[in-house]
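What follows is one structure encoded as structure tokens, with my remarks underneath.
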Amino acid sequence: MEWAEDKQADASGLPSAPSNHPSAGINAAALIKELEWLECEIVLKDSQPVIRGNKAAITPDLLELLKAGREQIIEHLTAQASADCEQEVTLGPPQPESLPAKHCEQSGIRRDPETGKLYIFGDPDPRWLKERGWEWNEKQCRFMAPYPHDRSDPHPRYFVSARPAKKDNRMTGGGPCSLCGFTHWWRKVGDTSEGWTCSVCHPAPNGIATITPHSQNTLDATA
């Protein structure tokens, strides 16, 4: 085709029109629209118009018009790019779509008044849950609330508090457990190698004889 043989353009560019070619009254928007019908488009590359798509469908007459309206096409595409950029700045990032009112009435998140744990009712939108910190658990095949609010999370009394430990109470059995805060210790009778074990976090197995720090002190006093 003639546009591909023009020495003033590369294989995909739009050559400039001859100096004696009339260009007054060229409608750049109409030419671009006509190219779209032919499954082609014109884009600016380094401020120069470049044709992309099914170039073989461009007729010689249309090609002549494109050459004649080259400057108008550049002005049109430049103005369009500037308008799109200003619109993006004004609108800001896209906002998530709000859920229909009916959906919110039939689906959502509730809190158990006794345990304070969160649970899902209905079939809430996964995007809506993720926005609120819920994450999909592959093992349990369900969404889980942010720790420690999920129904499978431990009770708050078992949380490890963020305070430095002054001493290892497990070794002496004379203070609270660092995990649950209780002071119920046990030890297998005759075993002094591993210190004391918390009966709340790790109950003693059935069938073994145990002692507590209190009973140990009583035995030591009567020995």
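Look through segment 172-220, keep the residues that are polar (S, T, N, Q) and touching a His at 6+ places or on another chain (Cβ under 9 Å), and return whichever of them is farthest from residue 154 (Cα to Cα).
Result: 212.
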| task | Pick out the one residue from 209, 145 that is touching a Leu at 6+ places or on another chain (Cβ under 6 Å) and at pLDDT 80 or above. | result | 145
| query | Can you pull out the residues in segment 184-199 that are surrounded by fewer than 16 Cβ atoms within 10 Å (Cβ to Cβ), touching a residue at least 12 places away in the same chain (Cβ under 8 Å) and either in contact with a Leu (Cβ under 8 Å, 6 or more places away or on another chain) or in a loop (DSSP other than H, G, I, E, B) (or both)? | reply | 189, 195
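To keep it simple, each residue is scored yes or no on (1) among the polar types (S, T, N, Q); (2) at pLDDT below 85; (3) within 30 Å of the chain's Cα centre (by Cα).
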position	(1), (2), (3)
65	no, no, no
73	no, no, no
78	yes, no, no
90	yes, yes, yes
98	yes, yes, yes
114	no, yes, no
| task | With respect to residue 162, determine if the residue is exposed (fewer than 14 other Cβ atoms within 10 Å of the Cβ) and either closer than 30 Å to residue 124 by Cβ or at pLDDT 85 or above (or both). | result | no
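The values are calculated or read from the model by the stated rules, or taken from the named source; none is laboratory data. This is a predicted model, so every value here is computed, not measured. Every residue, glycine as well, gets a Cβ built from its backbone with ideal geometry; the counts of neighbours run over all protein chains shown.
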